[in-house]
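The values are calculated or read from the model by the stated rules, or taken from the named source; none is laboratory data. Fair warning: this is a prediction, and the values are worked out from it, not measured in the lab. In this analysis, Cβ positions are derived from the backbone assuming ideal geometry, glycine residues included, and neighbour counts consider all displayed protein chains.
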Amino acid sequence: MAGMLNSLFREFRRRKSIAVPQFVLHPASDGSAADGQVLGVVEELGHELAEQGIRCARVKPCARSESELHPRVRALHLLQELCGKKPGPGREPCVEPDPWEGGRGQYKPYVFPRSDLLATIEDAVAREARENGRASTEELLKRLNGKGWRPGGTHWATRLRGQAMDASKTLPALLIAVIAVVVADKPWYVTLGFVAAAFALLIVLSVLPGRAPVLLVLRREIRWFLGTTYLNQGPRAERGERGTWRLLRLWPPGSVRQRVEAVARDLRDSGLLVDGWPDEAAEDAQRRHLQLRVHALREDLRDAHAARSLDLRGRKRPTPPVLLLAPAGRDDGSIELIKAISDIRSVRSELDPLLLIAAVGRDDVGELQSSFEAPLPAQPMTGPVSDIPEYADWNRSRRVNQSPSTRGSTLPWVLRIPLSDEWLREARTGRRRITPAVRPRWTWLWSSPALVLLLSAAALGLWFYDAHLGERYCAGGLSGVNRDSERVRIGGNDPECVGVATGSVSFPEAGKVQKLIRTANKQIRRQDHVTVVYAGPLSGSTQGQLTKGLQELRGVHLAQRSINEESSVKLRVLVANGGRDMYAQKTMARHIIQLADRDKSIVGVVGMGRDMTDSDDVQEMYRKADLPVVSSTNSGTHMARYPNFFGLAGTDEWQNDQLRLIANQLVPAPERGRAVVLARDHGKNSHDQYTKEQKRYGGEMLADAGYQVDSLPDYKLSNGQPVLDRQIEAVCAEEEVPQALYFAGRSEDVTPLMKGIASNDRCNREKIAVLAGDDLSKARFGEGTHVAKNVTIYHLVLTALEQSLPGSIFLGRLDKLEDEGKADDLGLTMDEALQKDGVSSKLDDGQTALSHDATEVLHRAAESDGQARSRAETWAALRQTDFTSLATGRINFTEGADDTGHRFAVSIVKVTNRDGRDNDRKILCSRQAGPGKALTEEECSVE
């Protein structure tokens, strides 16, 4: 016997579709001793199954008198207890505790939802019978609704807990949540409140007395109850169904009512719910309900071993469930249970995993005489179960005898095995082991511990990834990272946010102006518009490093405010940061281009005001992306070769041509004077191209003017401060102090230079002229930057505001901003902006005016007859640009302009020490952009 079970278990583990027989063991000869020996064999087999961890349910003899209950009533009680229902009051349990438990290696306990549904209907029918006699179907449905269609669901707290944990409620609630989040344009707390209210409403509607639970039909037991064809076979059940009930309806009024009524009618007619001996005339109803009960048990077990389930429970349960009936007699209901299982298996075509082993006495085996008999062979049984002759013969007989033509006359699923006295004697001396129930190891990879481990590892990985995203990008994490900007570490300093400020990203140093820009962007809404990206330095460690970016951003927003009020094509501005001194401009450009690929309204870039060593690479990136660049202050001479670059600032070479007017006046005659060139060394990782070009063109200019030029070693920075001791000694150690010093550094380095010259006894006795390019226009002379007594500084400004500002649209917009009381927001109040001589104290460096003009020019090129142009059309239109009355004068990018593309605006400023404490700043000469004569030495006389 153990050999056949091992073969059957082996076939079962291989997931082969095999018919599992109902083994009935009985003595081959008469005698009460033989009955006891057969019972001992089955009990020993049960202990062996339990030791090997195989799921087993054992039926034990009941102490109650055999004459009190009908065998079919006892069979119903057995089925109820096998599915977990406790026996009624005064009735001893006939099934050992914890049926189907198995060993530790078994996967989860069995659940019996279909059997519980029938138990709920049985309880409702029994209660109605005790209270009201024969109740109507409507009253029965009302009682079922009150119980929530679950056993033990009468208490409201139990029902509420069950409904809250019921997947048929939680899944629709989650679906509603997803729809609410996707569709609703509301704050998160409104969405969360709506989802909570919907979930609470589902639960409340499910526990209201007399009402069917919402979405009841989603339960698997209800779907089975509606879909099984077994209930259609009853002679009294109606056949009004057309397929399984559609899931879109909350409550099926027809099919469930018919099926509940059919089950209730069988229960009432059979008398199975009443202890005693029901009328034998109700035998058909009794058999129908017993078979329905067995059918539900079979379906629950089939579902418990489904191989294609989401949790792979069929793969994790390597052995079939075993039902031991020891002893199985005529009066205890066991024989009726064996018959019911065989009958329902004959009616249904599905194979189920239930393995039944019964020990039947010699006196009772006659009830099973119509079953197949196969004596055990003398030799041990090995190999596949299909190759065992006894099993193969039984299987062939089963296929024939379960046909409709022989229904009722045979028990085809019962395999009777008579045990001879000799076999029983041998069984006492030798014991054959049963193969343990070993769960496949690979299934642990698809289990709760593995899931917890995987989720923990995933959570840890996601935590690290979220931290990585937080360190790399400026805003967001896993829930929604903003990839338009990222954190970049420049020169060993703290990370800076570089890229385009979209979403919640903001650059704190430019936060106030950026907030104004975003407010203006929101006011555009769905109106026709174009988008311009301002790209400049908007982060750093000192305010001096931020002056350029803030000044330019003010000019951009001033143009945006006025354009959006005056033009039908609105201007949307995005702000991009290239990092301190634009050292990360390549990263910034990459983000701008990626955003422009997604946003076709972006027509160009404004700013890019620093000339760096990677400016050529960046400009090539913009050219390939078809993005025109209108630069405000980039003075790189080499930039003019890019067709998409349009600069408003005079080039470094052109600037030094203007400074030659001053150098020519300072050179002593007839002897050649001495001049030195001093430039900043930014280090190996420096990208600053401006100082290199200024040093080159400044030295050439002084040499052409007749000076004997010495190039000093470049000074370095230490903790952001220039170290000029060596250079000052080189300047002042010579016998002849230089008459001219060309300063190719940055504006923030002027103060240390002046202090070094003033502290040197030889230098401070000689007059020295310092010449510099446009970067010194950012120096705030008199506000922390002072000039040595013996030094006169000549530097350039890239605008001529005293000429072009009066009557320009720039001044008109400043006036309007002042009248509206909004100038303080931008930090450009007219009282502070304009002095009596017409020169702006906050605009004298030209940064704001140039960025304003660049924004105005780009928008005009992107708009035509009240319609927005495409990016390519804007680029082409810029080639035809010829605008007047701008802050810097006339902007002309047409081919008819002069050899520089257009005449640049310029001012030459002279700064001297007035009385040892104050500085005297004076514009020597200037000219606005546009056609006109070049500056002369007479206009720019140093005297």
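What the table shows:
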| quantity | calculated |
| --- | --- |
| Strands (runs of 3 or more DSSP E) fully within the range 601-659 counting 1 or more residues that are of a type in the set (Gly, Ala, Ser) and over 42 Å from the mean Cα position of the chain (by Cα) | 645-647 |
| Residue among Asp853, Asp865, Asp882 that alone is closer than 27 Å to Pro806 by Cβ, in the same structural domain as Arg623 (by TED's automatic domain parsing), surrounded by fewer than 18 Cβ atoms within 10 Å (Cβ to Cβ) and out of contact with any helix residue (DSSP H, G or I) (no Cβ under 7 Å at 6 or more places or on another chain) | Asp882 |
| Residue within the range 103-121 that is assigned by TED's automatic domain parsing to the domain that holds Leu351, charged (D, E, K, R) and either over 23 Å from Gly271 (Cβ atoms) or under 58 Å from the mean Cα position of the chain (by Cα) (or both) present | no |
| Residue match in the range 675-691 (condition: assigned to a helix (DSSP H, G or I), modelled with pLDDT under 90 and not assigned by TED's automatic domain parsing to the domain that holds Gln880) | yes |
| Yes/no for Arg518 being on the phi < 0 side of the Ramachandran plot and outside the structural domain of Ser864 (by TED's automatic domain parsing) | no |
| Contacts under 8 angstrom Cβ, first residue in the range 511-530 being modelled with pLDDT of 95 or more, partner of a type in the set (Asp, Glu), 6 or more apart | Val530/Glu863 |
| Members of the range 306-319 that are surrounded by fewer than 22 Cβ atoms within 10 Å (Cβ to Cβ) and not polar (S, T, N, Q) | Ala306, Ala307, Arg308, Leu310, Asp311, Leu312, Arg313, Gly314, Arg315, Lys316 |
| Subset of the range 581-600 (residues that are in contact with a helix residue (DSSP H, G or I) (Cβ under 9 Å, 6 or more places away or on another chain) and either closer than 26 Å to Ser864 by Cβ or surrounded by 24 or more Cβ atoms within 10 Å (Cβ to Cβ) (or both)) | Met582, Gln585, Met588, Ala589, Ile592, Ile593, Ala596, Lys600 |
| Residues of the range 36-54 satisfying the condition of being surrounded by 20 or more Cβ atoms within 10 Å (Cβ to Cβ) and farther than 19 Å from Arg416 by Cα | Leu49, Ile54 |
| Residues located in the range 330-370, provided they are surrounded by fewer than 21 Cβ atoms within 10 Å (Cβ to Cβ), closer than 22 Å to Pro418 by Cα and of a type in the set (S, T, N, Q) | Gln369, Ser370 |
| Strands (runs of 3 or more DSSP E) contained in the range 855-943 and holding at least 1 residues within 52 Å of the chain's Cα centre (by Cα) | 882-886, 889-892 |
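Yes or no, residue by residue, for (1) of a type outside the set (Lys, Arg); (2) surrounded by 16 or more Cβ atoms within 10 Å (Cβ to Cβ); (3) touching a Ser or Thr at 6+ places or on another chain (Cβ under 8 Å):
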residue	(1), (2), (3)
Gly647	yes, yes, yes
Gly650	yes, yes, yes
Asp688	yes, yes, yes
Lys695	no, yes, yes
Gly698	yes, yes, no
Met701	yes, yes, no
Leu712	yes, yes, no
Cys732	yes, yes, no
Gln739	yes, yes, no
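Residue-wise test of (1) aliphatic (A, V, I, L, M); (2) within 25 Å of Ser926 (Cβ to Cβ); (3) out of contact with any Pro (no Cβ under 8 Å at 6 or more places or on another chain).
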| residue | (1), (2), (3) |
| --- | --- |
| Ser747 | no, yes, yes |
| Ile757 | yes, no, yes |
| Phe781 | no, yes, yes |
| Phe810 | no, yes, yes |
| Glu820 | no, no, yes |
